[in-house]
1. Let me test this: with uniform point scatterers at the alpha carbons of segment 1-81, what is the Debye-based log₁₀ I(q)/I(0) at q = 0.11 1/Å?
2. Could you check which residue among D65, D56, D38 shows the biggest mean-square fluctuation in a GNM of the chain with a 10 Å Cα cutoff?
3. Apply the Kirkwood formula to segment 110-155: the hydrodynamic radius equals the inverse of the mean of 1/r over all pairs of different alpha-carbon atoms; give it in Å with one decimal.
4. Based on the Kirkwood radius over alpha-carbon pairs, what value in µm²/s does the Stokes-Einstein equation return for the translational diffusion coefficient of the chain at 37 °C and 0.692 mPa s?
5. Of M112, M120, M137, which is the most mobile in a GNM of the chain whose springs link Cα atoms less than 10 angstrom apart?
6. Place a point 7 Å from the Cα of R107 along the Cα-to-Cβ direction; which residues of segment 1-41 have their backbone N under 20 Å from it?
7. Choose one answer from L31, L54, L76: the residue with the largest mean-square fluctuation in a GNM of the chain with alpha-carbon springs under 10 Å.
8. Given the DSSP H assignment, sum -39500 (n - 2.57) over each helix run of at least 4 residues in the chain and divide by its residue total; what's the result at 222 nm in deg cm²/dmol, nearest 500?
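Read-outs throughout are calculated quantities, based only on the coordinates presented, and are distinct from any laboratory measurement. Remember, it's a predicted structure, so these values are computed and weren't measured experimentally. As a convention, Cβ positions derive from the backbone with ideal geometry for all residues, glycine included, and neighbour counts pool all protein chains shown.
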Amino acid sequence: MRTGVGFDAHRFKEGRPLVLGGVVIEGAPGLAGHSDGDALTHAIIDALLGAAALGDIGTHFPSDDERWRDARSLDLLTGVAALLNARGYAIAHVDATVIAERPRLSRHVDRMRTALADAMGIDRSRVSVKATTTDGMGFTGRGEGIAALAAALVE
Ligand code: MG
């Protein structure tokens, strides 16, 4: 068994939808980024690549590559899951925390779990998503953007 950790943060950007864990969420601007800005999915991708010691998201999907402009991050996650499977790894568990002062995410967590699990081709009982704030402190507390942490276990 091998473990990996991932972290990502993106700033808010007006005029695009907020996508977290592949779910479009109303109530806040979207996140800047070469892809759809889905910081949660990016953190999970880095956790999975870390567990397999296969580099990071920038290695596989460079932000200066036009192929990944406005890419759906869930599709990138599907690609990474396939890469791990091809190397003989099975994804045993993913646990993630989204750090955001706004919007309130708790009622969206179940849909995120389903979307992420489907993208990785695993049962949703193997995917955990949590949401927290930083109590007004730091860049997430000031509402400048959203951060995410993830841990992955692969067998
Ligand atoms: Mg990112």
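1. Values returned for q = 0.11 Å⁻¹ are -0.27.
2. Looking only at D65, D56, D38, the largest GNM fluctuation is found for D65.
3. Numbers: mean 1/r = 0.0802 Å⁻¹.
Across segment 110-155, the inverse of the average 1/r is 12.5 Å.
4. Roughly 216 µm²/s, to the nearest whole number.
5. M137
6. Within reach of a label on R107, which here means backbone N under 20 Å from a point 7 Å along Cα→Cβ, segment 1-41 contributes 17-30.
7. So, out of L31, L54, L76, the one fluctuating most is L54.
8. -8500 deg cm²/dmol
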